[in-house]
Amino acid sequence: METLWTTSSVAPRESLSYWIEAVCRTYTSLDCEHRNQEAPFYGQIESGIVGEIGVTQVRAAAQKVRRTLGSIARHEEDKLLFSIQKRGRCTVVQDGRVATLAPGDFVLYDTKRPYDLTFDEDFSQYVVALPGHVLRPQLTSPDRLTARRIPGGSSIGRAVLHAVETVANAQSVSDGATARPMEEALRGLLTAGLLSLPGAEARPEETASGARRAAIKAYVLQNLCDPELCVGMIAAAQGVDVSTVHRAFDTEGETVSRWIWGQRLENARRDLIDPGQSSRTLTSIAFSWGFNDMAHFSRAFKARFGQSPRAARHT
């Protein structure tokens, strides 16, 4: 991820005002107050983007962050935000509910209405931001799902954390071929997390199969470089049988195995045409994405892109 803002770039006396500008420009109009006046304030925001989804990692000192009616009037914006706690604790208040997050837990809050985030100690968390039009159509009543903790120890909690960390650790997810499946998987996992809450209701078009497919795709993208990756391995990791994995892809227009090969080929092509990787051999790139037979790789590459790997490199 790229460092977007850091208070280390300004004088200590300017750090809080600098931080307020940083969070307002990164997320939405907010008010911040330092919770420990005896200690120097610090904060850092690292940023990445996956399609329409913004993923940031925040490391900062104890503070209280408020989205008030006044700040909404100053900057009316429709975003749905998820905080995934990494270190320390966070208390989220919105719509008359209170959620306290421990490491691994995550929660939804909505910029269209007031909310408070309180951090009583130094902390680190991921914040995932989705435009309202991306997520609202999939849920019948998003306002009933805010400030409700989704535990990190649950299977969906672990899957969300792994998916977000995959984005955070990736060198780049801006390439369309890489970003689209990652965006779909992350959005599906976050939706599945909300739908796991008691009383949550999906739109009719949002199905259990869609949530399962998103979880499968997230796992595949995390393990794409493993040459042993197969449907059986995916099924075991998801705790389902092989037929369930196949059924989750019934509406995709291709099998899960073909989708895996497609993702490997897209990533290999991206590396082949990257000038920064021109010193790597074709074999090194192919094998790094789970291929173990150059003849098969070359045939599959040409069938998908209409040219050989060597020709693609020199295009």
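The values are calculated or read from the model by the stated rules, or taken from the named source; none is laboratory data. What you see is a predicted model, and the numbers here were worked out from it, not measured in a lab. Counting neighbours? That spans all protein chains shown, and the Cβs are built from the backbone with ideal geometry, glycine included.
Among the residues of segment 281-293, just one is surrounded by 15 or more Cβ atoms within 10 Å (Cβ to Cβ) and farther than 21 Å from GLN222 by Cβ, namely LEU282. Filtering segment 106-142 to residues that are under 16 Å from THR28 (Cβ atoms) and within 14 Å of the chain's Cα centre (by Cα) leaves LEU108, VAL127, VAL128, ALA129, LEU130, PRO131, VAL134, LEU135.
This table checks each residue for (1) surrounded by fewer than 20 Cβ atoms within 10 Å (Cβ to Cβ); (2) within 22 Å of LEU186 (Cβ to Cβ).
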residue	(1), (2)
ILE84	no, yes
ARG87	yes, yes
ASP95	yes, no
ARG113	yes, no
PHE119	no, no
SER124	yes, yes
HIS133	yes, yes
ARG136	yes, yes
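Quick check on my filter: what residues within segment 23-52 are in contact with a Lys or Arg (Cβ under 9 Å, 6 or more places away or on another chain) and among the aromatic types (Phe, Trp, Tyr)? The answer is TYR27, TYR42.
Select from segment 239-251 the residues that are in a helix (DSSP H, G or I) and among the polar types (S, T, N, Q) and list them in ascending order. If the condition is that a residue be in a helix (DSSP H, G or I) and among the polar types (S, T, N, Q), then SER243, THR244 are the ones that fit.
Only one entry of GLN263, GLN222 meets the criterion of being at negative phi and modelled with pLDDT under 85, and that entry is GLN222. The set of residues in segment 108-148 that are touching a Phe, Trp or Tyr at 6+ places or on another chain (Cβ under 8 Å) and in a loop (DSSP other than H, G, I, E, B) comprises THR111, THR146, ALA147. Can you confirm whether ARG148 is at pLDDT 80 or above, of a type in the set (Lys, Arg) and in contact with a Leu (Cβ under 6 Å, 6 or more places away or on another chain)? Yes; evaluated as a whole, the condition is true for this residue.
Quick grid of which residues meet (1) touching a residue at least 60 places away in the same chain (Cβ under 8 Å); (2) farther than 28 Å from LEU161 by Cα; (3) small (Gly, Ala, Ser); (4) crowded, with 18+ Cβ neighbours inside 10 Å:
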{"site": "GLU2", "(1), (2), (3), (4)": "no, no, no, no"}
{"site": "GLU21", "(1), (2), (3), (4)": "no, no, no, no"}
{"site": "THR26", "(1), (2), (3), (4)": "no, no, no, no"}
{"site": "CYS32", "(1), (2), (3), (4)": "no, no, no, yes"}
{"site": "GLU38", "(1), (2), (3), (4)": "no, yes, no, no"}
{"site": "GLY54", "(1), (2), (3), (4)": "yes, no, yes, yes"}
{"site": "LEU69", "(1), (2), (3), (4)": "no, yes, no, no"}
{"site": "ILE72", "(1), (2), (3), (4)": "no, yes, no, no"}
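In segment 201-212, the condition of being at pLDDT below 85, closer than 17 Å to ALA236 by Cα, in a helix (DSSP H, G or I) and touching a Phe, Trp or Tyr at 6+ places or on another chain (Cβ under 7 Å) is met by no residue.
Of the residues making up segment 27-56, those that are within 19 Å of ASP116 (Cα to Cα), of a type in the set (S, T, N, Q) and out of contact with any Ser or Thr (no Cβ under 7 Å at 6 or more places or on another chain) number 1.
Scanning segment 252-273 for residues that are outside any helix (DSSP H, G or I), surrounded by 12 or more Cβ atoms within 10 Å (Cβ to Cβ) and more than 24 Å from the chain's Cα centre (by Cα) yields a count of 2.
Exactly one residue out of ALA236, ALA312, ALA303 is in a helix (DSSP H, G or I) and surrounded by 17 or more Cβ atoms within 10 Å (Cβ to Cβ), and it is ALA312.
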